[in-house]
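First the structure, in the form of structure tokens, and then the observations on it.
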Amino acid sequence: MAKIPEDLKYTKTHEWVKVEGEIATVGITDFAQAELSDIVYVEVNTVGQQTEQDKPIGTIEAVKAVVDLFAPVSGEVIEANESLKGAGAKVNTDPYGEGWIARIKLSKPKELDKLLDPAPYAELVKKSEHH
Amino acid sequence: MNTDERRFLSGPYLCNLRNLRFSRFLSSCFYSGSWARFWFLTSRDSRIVYPSMLKTPFYGKHEAAGARMVPFAGYDMPVQFKGIIPEHNRVRKTVGVFDVSHMGRIEIRGRDALSFINRMTTNNASILEINQAQYSVFCYPDAGIVDDLVVYRLEDHYLLVVNGANNDKVTKWLEEHLAGNVEMKNVTEDIAQLAIQGPEAEPVMQRISSIDPSGIGFYWAATADVVGVESLISRTGYTGEDGFEVYFPKEYADKVWDVVFEAGKEFEIEPIGLGARDTLRMEMKYCLYGNDIDETTNPLEAGLGFVTRLDKPEGFIGSDVLRKVKEEKPGRRLVCLEMQDRAIPRPSYRIYAGETQVGHVTSGTMSPSLRKGIALGYVKRKHGKAGTELAIDIRGQRSPARVVKPPFYKHGSRK
């Protein structure tokens with residue numbers, strides 16, 4: 001079973017968000033990392049830029065697939081986890097901790113209301129896990 | 001066009017975290033499972049909707065091992081167990097086991113079996129001795145490739161092992177060309193096939209078979225008892241490592257599987273999925289049908305000249321066109337490209353020399369052994385020499401790539 005911490009907000013595209021004050025820390029969920037598996041590196045080429053909710057802010061390269069990372073909220077991308085440039089495996093081993101990907105300074109805090117709480121996100125994962 | 005469509009069209013490996021929302025997208029890649037799993041369905045011919053997935057005789061073993069399953073060639077197949085990188089390394093370091101029961105197996109018998117096979121395939125089957133195997137190719141009259149295969153000459157018949165995704169197509173193709181005293185039987189569903197691959201494959205085989213496998217040469221076979229089950233063992237594989245493929249009646253699948261894993265315990269033997277099968281073969285420049293070769297490519301440009309015997313006296317289907325191709329030299333070549341930065345090339349990415357596009361990628365991955373991006377791709381002939389500096393367009397950014405001599409991985413234990 002994919003881990004889904006209670007204290008985070010989620011997107012339908014499998015990002016998680018942790019809000020502290022006006023700063024949102026962003027990563028991908030345990031479900032997403034397991035599906036991708038073998039992440040090689042993560043690139044966030046938007047640091048210092050303004051982004052809108054749902055816009056791509058980076059890419060995640062796994063051995064056999066590449067996916068976009070979407071901004072769960074609007075604001076300025078203020079920081080990227082530099083350690084993932086050479087060691088993407090951290091996203092696999094600790095997606096909610098050392099595998100965090102970017103920090104965004106919220107410009108529209110109200111958008112947080114549109115994000116999923118753990119329970120509805122768990123439902124979404126459940127639907128996706130089995131076919 | 002939205003991002004998703006654009007990305008899908010630009011290559012089957014690309015997916016993004018949004019795909020889950022787009023059932024249209026999922027159906028467009030004929031994929032009905034969860035979102036990231038479709039990536040392995042690289043072969044056009046394998047992306048077919050089957051009303052019900054077939055199961056190999058080892059399905060229960062895969063489930064028990066916690067494999068992630070994907071539809072491949074009509075079968076529900078394990079794409080990975082632990083992860084591509086650890087599985088890849090297991091095969092390079094000691095030994096791993098692949099369920100390759102999805103491969104198509106066709107028996108050919110009769111007085112004219114040899115001449116039939118010789119007419120249908122590019123390699124020279126007349127040189128085969130009993131229990132010898134050879135890699136070969138079926139071509140269309142225009143020299144496009146129907147499939148690649150292994151031909152075994154056995155005591156009283158030939159066994160053709162073809163790609164699972166092409167099994168039906170090849171069977172029909174052969175049926176259409178049957179001539180003389182030839183009998184053909186597709187035995188795919190009767191037989192289980194395991195590939196035991198890696199530098200420690202031989203001691204594993206030693207423990208489970210009635211004969212000494214060290215006597216089997218590369219691309220030779222023998223019939224033997226494997227735990228009391230009459231089997232065909234050949235020293236063949238798709239990894240670049242030493243290894244064997246074992247064919248036996250599917251009823252014994254569970255029994256043989258258990259014995260193989262017991263025998264390999266001290267080498268930390270593990271099951272290996274399609275994901276690592278793909279990275280292993282790519283490091284050796286072994287072609288994958290549907291990616292690197294298909295009906296639009298010919299064996300000479302794909303670098304399969306070594307199995308294209310234009311000197312066969314009777315010729316073969318496609319030989320006239322290939323003779324011309326050889327005289328004029330192929331306009332493009334399938335080459336190995338090594339990335340010079342950390343970028344990872346994917347199928348369909350464009351290859352450039354300066355500002356001019358000179359080809360495209362047909363297979364690409366991060367190489368677990370080399371720890372860098374590698375690609376197979378077709379480039380115009382004059383750009384195909386080892387050492388040539390080219391660039392690959394990685395989603396809008398050019399990354400330097402160098403043409404290198406095959407294989408990428410040079411330390412394989414293959415005999």
Residue-by-residue Karplus 3J(HN,Hα) for region A:32-46, coefficients 6.51, -1.76, 1.60, Hz, glycine and proline x: 5, 5, 5, 5, 6, 6, 6, 6, 8, 7, 10, 10, 10, 9, 10
What are the extents of the Cα atoms of chain B along their three principal axes, listed from largest to smallest and rounded to whole Å? 60, 52, 43
With -39,500 (n - 2.57) per DSSP H segment of 4 or more residues and division by the full residue count of chain A, the 222 nm estimate, nearest 500 deg cm²/dmol, is -5000 deg cm²/dmol
Report, in deg cm²/dmol and to the nearest 500, the calculated mean residue ellipticity at 222 nm for chain B, where each DSSP H run with n ≥ 4 adds -39500 (n - 2.57) and the sum is divided by the residue count. -6000 deg cm²/dmol
Using DSSP to call loops (not H, G, I, E or B), can you name the GluC sites (Glu not before Pro) in region B:304-357 whose Cβ has at most 14 other Cβ atoms within 10 angstrom? B:Glu314, B:Glu355
Cα→Cβ-extended label distance, 7 Å offset, between B:Arg381 and A:Lys3, nm: 5.8
Picking from A:Asp68, A:Asp113, A:Asp38, which is most flexible by a Gaussian network model of chain A using Cα springs under 10 Å? A:Asp113
Scoring region A:13-108 by relative contact order with C-alpha pairs under 8 Å, at least six apart, yields a percentage of 34
Amide H within-cut-off set for B:Ile394, under 5 Å, with H built and near neighbours excluded: B:Ser399
For region B:331-415, treating each Cα as an identical point scatterer without solvent, what Debye log10 I(q)/I(0) comes out at q = 0.25 1/Å? -1.22
GluC sites (Glu not before Pro), loop per DSSP, at most 15 other Cβ atoms within 10 Å - longest free stretch of chain A: A:53-97
Low-density loop GluC sites (Glu not before Pro), region B:50-149, at most 13 other Cβ within 10 Å, DSSP non-H/G/I/E/B, are B:Glu129
Among B:Val379, B:Val227, which comes first, second and so on when ranked by fewest other beta-carbon atoms within 10 Å? B:Val227, B:Val379
Show the residues, 5+ positions off or on another chain, whose built amide H is closer than 5 Å to the amide H of B:Gly273. B:Phe81
Less than 20 Å apart at the alpha-carbon level, and either on another chain or at least 8 residues along: which lysines does that give for B:Lys265? B:Lys61, B:Lys82, B:Lys93, B:Lys255
Divide, for region A:13-108, the radius of gyration over alpha carbons by 2.2 N^0.38 Å, where N is the residue count. 0.96
Counting only C-alpha contacts under 8 Å and six or more residues apart, can you give the relative contact order of region B:325-415 as a whole percent? 34
Applying the span-like rule to chain B (DSSP H, Cα extent along axis at least 18 Å, Kyte-Doolittle mean at least -1.0) gives none
Starting from the eigenvalues of the Cα gyration tensor, five times each then square-rooted, give me the equivalent ellipsoid semi-axes of the protein assembly as shown, largest first, whole Å. 43, 27, 20
Distance in nm between pseudo-label sites at A:Gln49 and B:Glu327 (7 Å out along the Cβ direction from Cα): 5.5
Would you order B:Ile106, A:Ile57 from fewest to most other beta-carbon atoms within 10 Å of each residue's own beta-carbon? B:Ile106, A:Ile57
Region A:99-112 - phi-based ³J(HN,Hα) in whole Hz, Karplus 6.51/-1.76/1.60, Gly and Pro as x: x, 4, 10, 8, 10, 10, 8, 4, 10, 10, x, 4, 4, 4
Using the Karplus curve 6.51 cos²θ - 1.76 cosθ + 1.60 with θ = phi - 60°, work out ³J(HN,Hα) for each residue of region B:238-244 in order, rounded to whole Hz, and write x for Gly and Pro. 9, 10, x, 9, 4, x, 10
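Every number here is computed from the coordinates shown, using simple stated rules; none is lab data. This is a predicted model, so every value here is computed, not measured. Backbone-built Cβ (ideal geometry, glycine too); neighbour counts: all protein chains shown.
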